[in-house]
Amino acid sequence: MEQIRKTKRKLRHKRIRARIKGTAKIPRLCIFCSNKYIYAQLVDDEKGKTILSVDDRKLERKVKGKVLSANEVGQILAKESLEKKIEKVVFDRGGYKYHGRVKSLAEGARQGGLKF
């Protein structure tokens, strides 16, 4: 059952990635969720480079709950990307549902000032 779920997520991600491309001015905000942590990175697909990467493994203040820590990761990502003069991104949810931690990270990034 778990293997089928992973395969379906990978197929959804592949289908999404066929349409979404990031550039240096408007990078792709890519999300990966493990059972324990959430990772977000800004990617320039033209050069194949990661511009910025943030995760919740080493948050300065530990918050209770995965959803709240995902929101904080989104806010940190927005703050650091605005320092690099990146204001607009293309959102890549990685084949996950726009629900729970993924939604919380996106809302945190929007609160921080990023535009999708």
Scan of the stretch 61-83 for residues that are exposed (fewer than 12 other Cβ atoms within 10 Å of the Cβ) and over 17 Å from Lys36 (Cα atoms), ordered by number | Glu83
Could you identify the single residue in Lys85, Lys62, Lys103, Lys79 that is in contact with a helix residue (DSSP H, G or I) (Cβ under 9 Å, 6 or more places away or on another chain) and not in a helix (DSSP H, G or I)?
-> Lys62
Got a number for residues in the stretch 48-58 being over 12 Å from Arg28 (Cβ atoms) and loosely packed, with under 14 Cβ neighbours inside 10 Å?
-> 3
Taking the stretch 53-83 and keeping only residues that are more than 15 Å from Gly108 (Cα to Cα), at pLDDT below 95 and not basic (Lys, Arg), one is left with Glu60
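Can you pull out the strands (runs of 3 or more DSSP E) entirely within the stretch 1-56 that have at least 1 residues that are closer than 16 Å to Lys97 by Cβ and within 11 Å of the chain's Cα centre (by Cα)? Write out each step before concluding.
Working: elements: 28-33, 38-44, 49-55.
Result: 28-33, 38-44.
Name every residue in the stretch 39-57 that is over 17 Å from Lys79 (Cα atoms) and either acidic (Asp, Glu) or in contact with a helix residue (DSSP H, G or I) (Cβ under 9 Å, 6 or more places away or on another chain) (or both), in order of residue number.
Across the stretch 39-57, the qualifying residues are Asp44, Asp45, Glu46.
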Only one of these is at pLDDT below 95, of a type outside the set (D, E, K, R) and closer than 21 Å to Lys115 by Cβ: Ala40, Ala24, Ala18. Name it.
-> Ala24
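Mind listing just one residue for me: the one in the stretch 84-116 that is of a type outside the set (Lys, Arg), surrounded by fewer than 16 Cβ atoms within 10 Å (Cβ to Cβ) and on the phi < 0 side of the Ramachandran plot and, of those, modelled with the lowest pLDDT?
Step one: filter the stretch 84-116 for residues of a type outside the set (Lys, Arg), giving 86-87, 89-92, 94-96, 98-100, 102, 104-109, 111-114, 116.
Filter once more, so that each one left must be surrounded by fewer than 16 Cβ atoms within 10 Å (Cβ to Cβ): 87, 98-100, 107, 111, 113, 116.
Subsequent filtering for residues that are on the phi < 0 side of the Ramachandran plot retains 87, 98-99, 107, 111, 116.
Working: Glu87: 95, Tyr98: 95, His99: 96, Glu107: 97, Gln111: 97, Phe116: 91.
Among them, the one singled out is Phe116.
The values are calculated or read from the model by the stated rules, or taken from the named source; none is laboratory data. The structure displayed is predicted, hence computed values, not measured ones. Positions of Cβ are generated from backbone atoms using ideal geometry, with glycine treated the same way; all protein chains shown enter the neighbour counts.
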